[in-house]
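Trainee: Below you'll find the structure I mean.
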Amino acid sequence: MSYQTLITELSEHIFTITINRPEKLNALNRQVIDELSAAIEEIYNNPEIGAAIITGSGPKSFVAGADINEFIHLDSVGGKTLSKKGQDLVFSRIENSPKPIIAAVNGFALGGGCELAMACHFRLASENAKFGQPEVNLGLVPGYGGTQRLTQLVGKGKSMELNLTGNLIDGAEALRLGLVNHVTSLEQLLPETKKILQAILSKAPLAVAEAIALVNHAAYGKPGGLELEIESFGRLSGTADAKEGASAFLEKRKANFKGN
Ligand code: COA
């Protein structure tokens, strides 16, 4: 598919989605949300795609938030619709994707940008990255999961502070808090992200998918996670890939997983 606000590239089973409105610091307007939704469906439906990266265009910004121009005419009903549509069609779809999706945060990740990064399974950031939930400056709260996922990632106290002050933090602080997993130079950001995804792509895809679902379950503090793990372990134990994994270990060779 081709998009007007996204650049997409599929190479070695890694689908890279670059949000491409650099003149507006890649702010998420309705068109970006619609196109992101379609691109996420590509991840789910295209068997050639094994994993994905979400990043922003240019050296300055990942995504500087939802497009504030669209806020001025919003009323209560419109705001609720905007938030629900984004959560249902983009943010939750990313979080629940059975294929890994990593954010490569190449600059400002503010508001909806921080939320987009947090919806991904994990995050790498460049040294110039800046994170924050500044919605309080606009008389709003985050609407794409920012209060929930930031609390999961950094704990209640820091999440409160960031959501109540709207303050920005840099990549080093984000790393210290556990908001991002690695910080690299801007040049190394995509190569390092791809390296991690290539390593994941060499693992058994069904096991990766089940691990994503189980960790997501735990992150929301839902009950029954240990029972779900028993079910997953049982399901995976019956797969050809589990036999291949054990055989490869015993035969001292690299496993060749087929996804079944
Ligand atoms: N929505 C709409 N437009 C945005 C935007 C957003 N969230 N963030 C940046 N832009 C636009 C600016 O209006 C400007 O457009 P213009 O050149 O037509 O005036 C352009 O992107 C460049 O931004 P600018 O503010 O000039 O860059 P800067 O380097 O001085 O500041 C930021 C960068 C990120 C600190 C600043 O743009 C900002 O505070 N943006 C809003 C962040 C925010 O509150 N996001 C949460 C929204 S819920």
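The values are calculated or read from the model by the stated rules, or taken from the named source; none is laboratory data. This structure is a prediction, so every number in the text was calculated from the model and none was measured. Here Cβ is always computed from backbone atoms with ideal geometry, including for glycine, and neighbour counts include all displayed protein chains. Ligands, DNA and RNA are stripped out before the accessible areas are found, and what is left, the full protein with its side chains, is counted by its heavy atoms. Shrake-Rupley method; radii C 1.70, N 1.55, O 1.52, S 1.80 Å.
Trainee: Working carefully through the options Ile230, Ile212, find the one that is open to solvent by 70 Å² or more (accessible area, probe 1.4 Å), of a type in the set (Val, Ile, Thr) and on the phi < 0 side of the Ramachandran plot. Steps first, please.
Mentor: On the way: Ile212 fails: open to solvent by 70 Å² or more (accessible area, probe 1.4 Å).
From the options Ile230, Ile212, the qualifying one is Ile230.
Trainee: Can you pull out the helices (runs of 4 or more DSSP H) entirely within the stretch 1-106 that have at least 2 residues that are within 29 Å of Gly171 (Cβ to Cβ) and within 16 Å of the ligand (Cβ to nearest atom)?
Mentor: Details: elements: 30-45, 76-86, 92-95.
Helices (runs of 4 or more DSSP H) meeting the threshold: 30-45, 76-86.
Trainee: Quick one: which helices (runs of 4 or more DSSP H) sit completely within the stretch 152-219 and have at least 2 residues that are within 26 Å of Phe15 (Cα to Cα)? Explain how you work it out, then say what you get.
Mentor: Values: elements: 156-165, 171-177, 186-201, 205-219.
Filter on the stretch 152-219 gives 171-177, 186-201, 205-219.
Trainee: If Leu82 satisfies all but one of (1) surrounded by 14 or more Cβ atoms within 10 Å (Cβ to Cβ); (2) closer than 15 Å to Gln148 by Cα, what's the number of the condition it fails?
Mentor: Every listed condition holds for Leu82 apart from (2).
Trainee: Among the candidates Leu197, Leu179, which residue alone is closer than 25 Å to Tyr44 by Cα, buried (at least 19 other Cβ atoms within 10 Å of the Cβ) and touching a residue at least 60 places away in the same chain (Cβ under 8 Å)? Spell out how you get there, then give the answer.
Mentor: On the way: Leu179 fails: closer than 25 Å to Tyr44 by Cα.
Of the residues listed, the single one that is closer than 25 Å to Tyr44 by Cα, buried (at least 19 other Cβ atoms within 10 Å of the Cβ) and touching a residue at least 60 places away in the same chain (Cβ under 8 Å) is Leu197.
Trainee: Quick one: count up the residues across the stretch 107-136 that are among the charged types (D, E, K, R) and part of a strand (DSSP E or B). Before you say what the answer is, go through the steps one by one.
Mentor: Here is the first cut: in the stretch 107-136, the ones among the charged types (D, E, K, R) are 115, 123, 127, 130, 135.
When the remaining residues are screened for being part of a strand (DSSP E or B), the result is 123, 130.
Residues that pass the stated criteria total 2.
Trainee: Would you pick out the residues in the stretch 42-76 that are farther than 23 Å from Glu135 by Cβ and exposed (fewer than 14 other Cβ atoms within 10 Å of the Cβ)?
Mentor: Tyr44, Asn45, Pro47, Glu48, Pro59
Trainee: Among the numbered criteria (1) hydrophobic (A, V, I, L, M, F, W, C); (2) within 16 Å of the ligand (Cβ to nearest atom); (3) under 16 Å from Ser61 (Cα atoms); (4) open to solvent by less than 10 Å² (accessible area, probe 1.4 Å), which one does Leu110 miss?
Mentor: (4)
Trainee: Please name all residue pairs, on different chains or six or more residues apart, with Cβ atoms under 7 Å, provided the first residue is in the stretch 220-234 and is in a helix (DSSP H, G or I) and the second residue is surrounded by 10 or more Cβ atoms within 10 Å (Cβ to Cβ).
Mentor: Gly225/Leu214; Gly225/His217; Gly225/Ala218; Leu228/Leu214; Leu228/His217; Glu229/Leu214; Ser232/Glu210; Ser232/Leu214
Trainee: I need the full set of residues from the stretch 130-166 which are in contact with a strand residue (DSSP E or B) (Cβ under 6 Å, 6 or more places away or on another chain) and open to solvent by 70 Å² or more (accessible area, probe 1.4 Å), in order please.
Mentor: Correct list: Lys130 only.
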